[in-house]
Structures are given as C-alpha cells and as structure tokens.
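Nothing in this text is a laboratory measurement; each read-out follows from the coordinates by a stated rule. All values derive from a computational prediction rather than experimental measurement. Every residue, glycine among them, receives a Cβ derived from its backbone with ideal geometry; neighbour counts consider all protein chains shown.
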Amino acid sequence: MSRFTGIPVVPTSGLSGLQANLFGALKENVELLTGTRGEAGLTSRALIRGDVTVSKLGPQDMGSVQNISPEGYVGPHVDANEIASLAAFRGLRNDVQRLADDLYYTRRALDLLIENFGGR
C-alpha cells in the first residue's frame, strides 16, 4: 500500500473567500481519495496499482471448435438425419469442457477484481 503525506490545514487569513473554499475543497477531496481523512470504511479511498492483485489470464484455451469430420451415420428410424459419430461427439464434449474451464478462470479473475475494487 502506498503512503500519502497529509495536507496542511488551509490558512484562513491571507486568502480570499474563493481561494480558501477552493483550497479547502481540494484538500478534502485529496484526503478522501487517499484515505487520510479518517472516513469510516475508507469508501472514497482511491485504488492504486499495488492494491489490485489480479494476474493476466493469458490466451483463451479454446480458440476454435475442433475440426471433426462431418461424416455421421444414417439410421433407419431417424428420418434420414445424420447421427454424429462417437469421435465427433467426443470432440464436441472436449470443446465444451475447454470452454467451461475458460469461463471458470475468467469468472475467478473477475470475482477477484470485484473484490479488489471493494465489491462483495
């Protein structure tokens, strides 16, 4: 976590009303963003690069559907529709599993990001 230096109190003498208000607002906003104001729960504290702990996911495992032979089987009771071969079915199952694994890791990374940004 980064350290921020406190901002001194804005002087009330020697400044016009506009200047005092401007400097006061800037001081308050910076304190809220850096978490140095003492706000309960630090809900306005800024996130900095070191606060976020998510690693890159890298490329997706499933880049495309496997190239399975389109040849299937025709059955006597299937109205001339093709029945997929066992190899085509297994290829599809593997593609779906690879896609489900990618989705799982993407969701884990997204959940970690949400948690880093203060979500629940």
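Hey, of [x] 9.7; [y] 8.3; [z] 14.0, which did the structure itself give for mean projected area of the Cα convex hull in nm² when calculated?
Computed from these coordinates, mean projected area of the Cα convex hull in nm² corresponds to label [z].
Which whole-number percentage describes the relative contact order of the stretch 1-51, with Cα contacts under 8 Å and a sequence gap of 6 or more?
Contact order relative to length: 36 percent.
For the stretch 1-51, report the translational diffusion coefficient in µm²/s to the nearest whole number, using Stokes-Einstein at 20 °C, 1.002 mPa s, and a Kirkwood Rh over Cα pairs.
Rounded, D is 177 µm²/s.
Would you work out the relative contact order for the chain, in percent, from Cα pairs under 8 angstrom that are 6 or more residues apart? Working shown, then result.
Numbers: 84 pairs, mean separation 26.1, N = 120.
For the chain, the relative contact order is 22 percent.
Quick one: angle between helix 86-116 and the longest Cα principal axis of the chain, in degrees between 0 and 90, rounded to 10, please.
The helix 86-116 is inclined about 10 degrees to the chain.
What's the local net charge at residue 25, with K and R +1, D and E -1, over the other residues with C-beta under 15 Å away?
0
Using only Cα atoms, find the angle between the long axis of helix 17-34 and the longest principal axis of the chain, and express it within 0 to 90 degrees, rounded to the nearest 10.
40
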